[in-house]
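A short worksheet on the structure shown next.
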Amino acid sequence: MMKRLEQTLSRRRFLRGTLKGGAVSVGLPLLNVFLDDNGTTYADGMPIPLRFGTWSWGLGMSESIFVPKKTGANFDLPEEIAALAQVQEHLNLFTNFHVFKDDAPNLCHHSGWVVLRSGIAPTARANLPGETIDVSIARQIGNATRFRSLSATATGDVRDSFSYEGGNSVNTPEWSPLRFYQRLFGEGFQDPNASTFSPDPKVLVRQSALSAVQEEARKLEKSLGAEDRARLDQYFTGLRDLERRFDLQLTKPDPREACVVLEEPMDLPTGLDADLVATRHRMMTDLMLMAVACDQTRVFNMFYASAFSATTQPGYDKPHHTATHEEAVDPELGYQPYTSWYTRRAMEEWAYYVQALANFKEGDGSLLDNSFIYATTDQSFAKLHAIDGIPMFSAGTAGGRVKSGLHIDGGGSPGCRLGFTAQRLMGLEIDTWGDKSNTTSSEIGDILIT
């Protein structure tokens, strides 16, 4: 009986009706028949969605108290990363991986993160090469959600972004908790766990208007030259994305057990005091991860600090970036104590972010279990603008395909190996990634479950 039912019903089955002459599709709820015996994949073979996220902090590390002496599992936690003890089992730390500038200049606080996120060394700040991996991955896994991707920053500054589509096309992050909430749960939000579903008639009108525009554009295309047809094709790409959004708004979303509509938050004052940044980071993280739990997006970026981090410390007169260059290395400690304080605060927030993902229960596991998070910074030793040995992290097991709790020594190999691994995990069919010395075709096999 169950087998016959599986053959006649599928997760893609819709109930169809009309509203004022327009077609409306209402998705079936998440029935038990759609799940396998383990509750981890649908009966038709479709897995619970994979998610990809990024996290970033500024200005690197103090190597002597950041890099563990032990590799592999159960690695030690030097004092600068001691805050990670609570989430050590959920993450991997990657050290001794290099970023190569080749014949490009070392653009301070810029070259490192651009290479790790695009695979290409930039030749100028104003001309960003390629596209960041979140954009590439969003094209692969982000088309079935309301937002193809989302970005947020804890700095309160809309200019602080590590995501772009090439050239000068930077993806601006959400910077205000209140504005972010209104975007996520205000107009256009459909609660996936609501017992009823009412398509917005305004969307139907917009969809009808869009169809007319597309028809006229197709007629126009026949009379254009090759160059104009190429431009029109870019225009069609935008229309198709808009059409996708309309279709999603007219379809009842699948139920999501972890999705809860939060209360509207109070907004925060501007400023970069470390406590204020931490509060903003946690508020934005909680909103972002609820958006993921509600399946509003499957690709997401969280920026804790900018590359030129200007976070301030109470009672100390130098912001983070200034401290990295002006504070002397303490001869007894072997590192810059005030600068290290800033890094420790960043690691506390990284731990909060990972734990927040682990706390969202989903099926037999957590949201973190069905995610792969890629965390980067801009320098290794910021005082010297060093880009060799930039530390990186990953978190999550990507649906059970990644081991966690490991410290991996890269042996001087390209840092782009982790970005390449991430893209392959997310289903991108690429054989290599990166440019010149940053090119790699080697996944980090130590973390992969084969």
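Any read-out appearing in this document is the output of simple, stated calculations on the displayed coordinates, not a laboratory observation. Small disclaimer: the values here were computed from a predicted structure and weren't measured. Don't worry about glycine lacking a Cβ; one is built from the backbone with ideal geometry, like all the others, and counts go over all protein chains shown.
Footprinting exposure proxy ranking of ASP267, ASP378, ASP160, fewest other C-beta atoms within 10 angstrom first, gives ASP267, ASP160, ASP378.
What's the FRET efficiency of SER195 with GLN140 using the Cβ-Cβ distance as r and R₀ = 30 Å, to the nearest 0.05?
Details: r = 33 Å, r/R0 = 1.10.
With a Förster radius of 30 Å, E is 0.35.
In this model, which of LYS70/LYS403; LYS70/LYS383; LYS69/LYS436; LYS361/LYS403; LYS70/LYS101 are farther than 23 Å apart at the alpha-carbon? Write out the running numbers ahead of the final one.
Working: LYS70/LYS403 17 Å; LYS70/LYS383 26 Å; LYS69/LYS436 31 Å; LYS361/LYS403 19 Å; LYS70/LYS101 29 Å.
Violating the 23 Å Cα-Cα cut-off are LYS70/LYS383; LYS69/LYS436; LYS70/LYS101.
Could you list LYS222, LYS318, LYS70 so that the one with the fewest beta carbons within 10 Å of its beta carbon is first and the one with the most is last? Walk me through the numbers on the way to the answer.
Values: LYS222 7, LYS318 16, LYS70 10.
Fewest to most other Cβ atoms nearby, the residues stand as LYS222, LYS70, LYS318.
Note on the stretch 71-204: dipole from Cβ charges, positive end direction compared against ASN74, VAL114, LEU178; the farthest Cα belongs to LEU178.
Relative intensity of the stretch 340-402 on a log10 scale, I(q)/I(0) at q = 0.13, 0.24 Å⁻¹, equals -0.45, -0.99, per a Debye sum over C-alpha point scatterers of equal strength in the absence of solvent.
Once the mean 1/r over all distinct Cα pairs of the stretch 320-437 is inverted, what Kirkwood radius in angstroms do you read off? Don't skip to the answer; put the middle values down first.
On the way: mean 1/r = 0.0599 Å⁻¹.
Answer for the stretch 320-437: a Kirkwood hydrodynamic radius of 16.7 Å.
To the nearest 20 debye, what is the magnitude of the charge dipole of the stretch 71-135 about its Cα centre, counting +1 on the Cβ of each Lys and Arg and -1 on the Cβ of each Asp and Glu?
Numbers: 3 positive and 8 negative charges, 56 e Å.
Here the size comes out at about 260 debye.
Is the stretch 47-153 best put as rounded, prolate or oblate by its Cα gyration tensor, with a ≥ b ≥ c the root eigenvalues, rounded for a/c under 1.5, and otherwise prolate when a/b is larger than b/c, oblate when not?
Working: a/c = 2.32, a/b = 1.15, b/c = 2.02.
Oblate, since a/c reaches 1.5 and b/c is not below a/b.
Using Cβ counts within 10 Å as a stand-in for footprinting exposure, how do THR145, THR196, THR439, THR324 rank, fewest first? List each step's numbers first, then the result.
Values: THR145 24, THR196 7, THR439 16, THR324 27.
Arranged by neighbour count, lowest to highest, THR145, THR196, THR439, THR324 become THR196, THR439, THR145, THR324.
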